[in-house]
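> Okay, handing you the structure first.
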Amino acid sequence: MKDFETIISILEDNGSMTISSICAEVNRRLSSDLENLLLPVHIQSIINRKKDLFQIQEGEISIAPDKKPFFLVATLEVEQGICYQVNVNFTKKRFTYFEWRNLPRQEGKNSFLPKNPGDFNEFKSEIFNMKIWEWQPLYATSEGIHLGDTNWTVKLVTSEKIYYSEGTDCYPAEWRRFCRAIEKLTGANFAAKTKKD
């Protein structure tokens, strides 16, 4: 786990803390020897680099309320008549995954295979790093009316704000990374071919 992810995890576990308290907890969690201990100046540097994610009040650091994810819903409809939806509850560390196929019935295929879910903290870290709150509300081609092959929506609910983004055959720069993060969390498919594929 990176220092940044460790700081996020510590603040989620403990709420707001001072730089020195965060530093002591990071060192407790990460250091196996005394030579690699972090100093408060290192923690301050990390917080300054990612200042849009943190709130500082009266010397206490916390995750900015408009960036702290509570719930995420992502849907993806692809041209082959397949639709995926994942609902992620960050508070309860649970998710649901649905896959619909608008295809003729295929005998002998079991789509309810057991999956090995990924790590929630790793997924949340990816969400922080992808900055979904900076995604545009709409991604579309400039071709006028376009009946696309692939439609998607992403809704991220934080403690203070709801971010919504959608698109038809156009994607944010982090789209592939987002799909891989969902696949890693759910152990199931969540992908669409982009023009770059």
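The values are calculated or read from the model by the stated rules, or taken from the named source; none is laboratory data. Quick caveat: nothing in here was measured; it's all calculated off a predicted structure. All Cβ positions, glycine included, derive from the backbone under ideal geometry; neighbour counts span all protein chains shown.
> How many residues, within the stretch 61-76, are in a strand (DSSP E or B) and either in contact with a Phe, Trp or Tyr (Cβ under 9 Å, 6 or more places away or on another chain) or at pLDDT below 95 (or both)?
10
A quick yes/no check of all residues on (1) in a helix (DSSP H, G or I); (2) closer than 18 Å to Ser159 by Cα; (3) not assigned by TED's automatic domain parsing to the domain that holds Asn121:
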residue: Ser21; (1), (2), (3): yes, no, yes
residue: Asn27; (1), (2), (3): yes, no, yes
residue: Leu38; (1), (2), (3): no, no, yes
residue: Gln44; (1), (2), (3): yes, no, yes
residue: Asp52; (1), (2), (3): yes, yes, yes
residue: Gln55; (1), (2), (3): no, yes, yes
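> For the stretch 81-90, state whether one or more residues are in a loop (DSSP other than H, G, I, E, B), under 18 Å from Leu11 (Cβ atoms) and touching a strand residue (DSSP E or B) at 6+ places or on another chain (Cβ under 6 Å). Talk me through it step by step, then tell me what you get.
Here is the first cut: in the stretch 81-90, the ones in a loop (DSSP other than H, G, I, E, B) are 81, 90.
Cutting the leftovers down to under 18 Å from Leu11 (Cβ atoms) gives us 90.
From the residues that got through so far, the ones that are touching a strand residue (DSSP E or B) at 6+ places or on another chain (Cβ under 6 Å) too are 90.
Yes, some residue in the stretch 81-90 is in a loop (DSSP other than H, G, I, E, B), under 18 Å from Leu11 (Cβ atoms) and touching a strand residue (DSSP E or B) at 6+ places or on another chain (Cβ under 6 Å).
> Taking the options Ser21, Ser31, name whichever one is surrounded by fewer than 16 Cβ atoms within 10 Å (Cβ to Cβ) and either among the small types (Gly, Ala, Ser) or within 18 Å of the chain's Cα centre (by Cα) (or both).
Ser31
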